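Some notes on the structure that comes next.
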Amino acid sequence: QRDATVMLSQFFILSPRGDALVTKDFRRDLPRRTHETFYRTVRAWARSRRREDGEEDAEESAMGEHSREYSGAPAVFREDGVNYAHVKASGLYFVATTTRNASGSVILELLHRLARLVKDYCGALTEDAVRKNATLVYEVIDEAMDYGYAQTTSTEMLRERVCNEPVEIGGGVAGMLVSAKADSTKIAAGGLKAGQKGGTM
């Protein structure tokens, strides 16, 4: 598979403010604080972009910056000898690092797939959903990735491997696929009990 040629060193999900919601160090070949370097670099690119566009830089234009769907930084860049790739989904940064000269487009595609997985299992792609379902997200990433290599990013294929249930958020939204799995299990158990009861008559 194409994903097998891509080896990630780290993966993390950051909030719009740069808080590390999920950090996964696959190979331990890079410093643990690379997510801070990434966010500083992204902010620097954003400031530079705003100045070029003639926008004011008051208070880092915090709310305006975080509401944008682009960070100003290239999707793939190199900083301090580390290769970074990132996508921004619903305001969250999905970031990968690697020391190898891997295909940027393949890593970006992988990050988009991981973002979809998180949304499928959490039921929503928000900071609150990721925070409250951190254990579930880590389990999904562990099943999808092995030592930095992608194993499967198919939601359906992961259904039988993921055991944690989603934590309900806001309006009671939970991971649809995991909830559906639980419902199907209950239905199957109910059918088994009915069959056993019928057999004893």
What spacing in nm lies between the two simple spin-label points modelled at residue 32 and residue 105, each 7 Å away from Cα in the Cβ direction? 3.8 nm
In what sequence, largest accessible area first, do 50, 28 appear using a 1.4 Å probe? 28, 50
Using mean Cβ contacts within 10 Å as the protection proxy, how do 34-42, 91-99 order, highest first? 91-99, 34-42
What spacing in nm lies between the two simple spin-label points modelled at residue 128 and residue 20, each 7 Å away from Cα in the Cβ direction? 2.6 nm
Work the Kirkwood hydrodynamic radius out for region 1-52: mean of 1/r over every pair of different alpha-carbon atoms, inverted, in Å. 12.7 Å
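The values are calculated or read from the model by the stated rules, or taken from the named source; none is laboratory data. Since this is a predicted model, take the numbers as computed values, not measurements. Counting neighbours? That spans all protein chains shown, and the Cβs are built from the backbone with ideal geometry, glycine included. With ligands, DNA and RNA removed, areas are computed over all heavy atoms of the protein, side chains included. Shrake-Rupley method; radii C 1.70, N 1.55, O 1.52, S 1.80 Å.
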